[in-house]
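Q: Pasting a structure below so you can have a look.
What follows is calculated from the coordinates using simple rules that are stated; it is not laboratory data. The model shown is predicted, which means the values in this text are computed figures rather than measured ones.
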Amino acid sequence: MSKKFLIKLVCFLVLAAVATAGVLHYLPLSLFSTQQKPEQAPQKMYDHYIIHDEATNEVLMYVPLVVSVGDELISDKNKRYKIVKVEENQAYARFVEDLNLELYQK
């Protein structure tokens, strides 16, 4: 093979690599994205929420705040709960643990 041919071949391969990299860089990322979760419907807001113990249905507290799944609370009996379900202005909390607040006092 001649030297001119090798130079042309190398130049062509370099140009092809640069063009391929440029195309892949500027393609919209949505072509390669994974399937996204559907958006949840917005929660209706109420003046107050009643939080119940999920196991006993005992009323733990009334709060004038918006309650969402995943929120946590500490009851007046030093028990920690996590909100697992919200239906209208009724929230249901699952018991997580008993707290010993004396450990946190100075």
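Q: Out of residues 5 or more away from L60 or on other chains, whose amide H comes under 5 Å of its own, with H placed 1.01 Å from N in the peptide plane?
A: Counting only residues 5 or more places away or on other chains, the set is I51, H52, D53.
Q: Let me ask something additional. Show me, for segment 91-101, the HN-Hα J-couplings you get by feeding each phi into the Karplus relation (A = 6.51, B = -1.76, C = 1.60, θ = phi - 60°), rounded to Hz, glycine and proline as x.
A: With the stated coefficients, segment 91-101 comes to 10, 10, 10, 9, 4, 10, 6, 7, 10, 10, 6 Hz.
Q: If you average the sequence gap of Cα pairs under 8 Å that are 6 or more apart and divide by the length of segment 49-99, what percent do you get for the contact order?
A: 36 percent
Q: Using only DSSP helix segments of four residues or longer, with each worth -39500 (n - 2.57), what per-residue ellipticity at 222 nm results for the chain after dividing by its residue count and rounding to 500?
A: -8000 deg cm²/dmol
Q: I would also like to ask the following. Pairing the Cα long axis of helix 3-26 with the longest principal axis of the chain, what angle in degrees results, from 0 to 90 and rounded to the nearest 10?
A: Its long axis makes an angle of about 20 degrees.
Q: Here are some values of Rg/Rh (Cα atoms, Kirkwood Rh): (1) 0.98; (2) 1.08; (3) 1.55. Which one was computed from this structure?
A: (3)
Q: Return the equivalent ellipsoid semi-axes of segment 49-99 as a descending list in whole Å, where each equals the square root of 5 times an eigenvalue of the C-alpha gyration tensor.
A: Ellipsoid semi-axes (Å, largest first): 16, 10, 10.
Q: Lys pairs in the chain, Cα-Cα under 21 Å, at least 8 apart or on separate chains: how many?
A: 5
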